[in-house]
1. Could you identify the single residue in Y141, Y137, Y168, Y159 that is among the hydroxyl-bearing types (S, T, Y) and out of contact with any helix residue (DSSP H, G or I) (no Cβ under 7 Å at 6 or more places or on another chain)?
2. For G112, which of the numbered conditions (1) on the phi < 0 side of the Ramachandran plot; (2) without any contact (Cβ under 8 Å) to a residue 40 or more places away in the chain; (3) not charged (D, E, K, R) fails to hold?
3. Among the numbered criteria (1) on the phi > 0 side of the Ramachandran plot; (2) without any contact (Cβ under 8 Å) to a residue 40 or more places away in the chain, which single criterion is violated by G157?
4. Scan the stretch 77-91 and give yes if some residue there is over 12 Å from the mean Cα position of the chain (by Cα), under 22 Å from I212 (Cα atoms) and not small (G, A, S), otherwise no.
5. Of the conditions (1) modelled with pLDDT under 95; (2) under 14 Å from I60 (Cα atoms), K170 clears all except one; give me its number.
6. Hey, among N189, N200, which residue is surrounded by 18 or more Cβ atoms within 10 Å (Cβ to Cβ), under 22 Å from S37 (Cβ atoms) and among the polar types (S, T, N, Q)?
7. Would you say R56 is within 19 Å of A114 (Cα to Cα), in contact (Cβ under 8 Å) with a residue 60 or more places away in the chain and of a type outside the set (G, A, S)?
Amino acid sequence: MTELERYINAHTSPESELLVELERETNLQITQPQMLSGHIQGRFLKLLVQMLRPKRILEIGTYTGYSALCMAEGLEEGGVIDTIEIEEEIEEFAASFFERSPYGKRIRQHIGSAIDIIPTLEGEYDLVFIDGDKRQYPDYYRLLMGDGGGEPKVHSGSYLLADNILWYGKVVEDIHSGDKHTQGIVEFNRMVQDDPRVENVIIPLRDGINIIRVK
């Protein structure tokens, strides 16, 4: 961590002890712990939820549950989060922290492919946090927007947050033909930029977040 990063952490509202433990245990027990949102992004998600006041949130990519718990903190009473994770082996890990959190009852876990699960979810969402398989970002977008004949999962005024949208800077480099992850993100960013139904801004928080508003 750089001196500037330490300063930012020191001058940002602290995370709960449960979240500190979740991050520590993720680093100790789970592969690819860098996928966890972490302190700064977690506080950003909580504040954004408090500002937007969504009633229904969809998260694509639960991982160990850090981001879901941060968003659940910001939810008003009666709000719910549907969170989807494809890796069955970390379901219980995330659930154990949801059960210990005062906000855990606001979270509903779904295990399986988001491509299969999203069409089965009823109703529309006010906020969607996309942090799943980068290769499938374009497919997530089509499903959420109702392209291809399905019912849209968002409405006018909904927000989509797409994480890792700069992909370690690879989006501005020559893309190898076998690099499907970078290809997926570049295609997603292009789709959003060319879609007259939305407006967006990319902010360079951590690995980049594309904040998209449905008009």
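The values are calculated or read from the model by the stated rules, or taken from the named source; none is laboratory data. Here the structure is a predicted model, which is why all the values come from computation and not from measurement. Please note: Cβ atoms are built from the backbone with ideal geometry, for glycine as well, and neighbour counts cover all protein chains shown.
1. Within the list Y141, Y137, Y168, Y159, the selection yields Y168.
2. The single condition G112 does not satisfy is (1).
3. That leaves (2) as the condition not met.
4. Checking the stretch 77-91: at least one residue is over 12 Å from the mean Cα position of the chain (by Cα), under 22 Å from I212 (Cα atoms) and not small (G, A, S).
5. Here K170 meets the rest and fails (2).
6. Answer to the selection: N189.
7. yes
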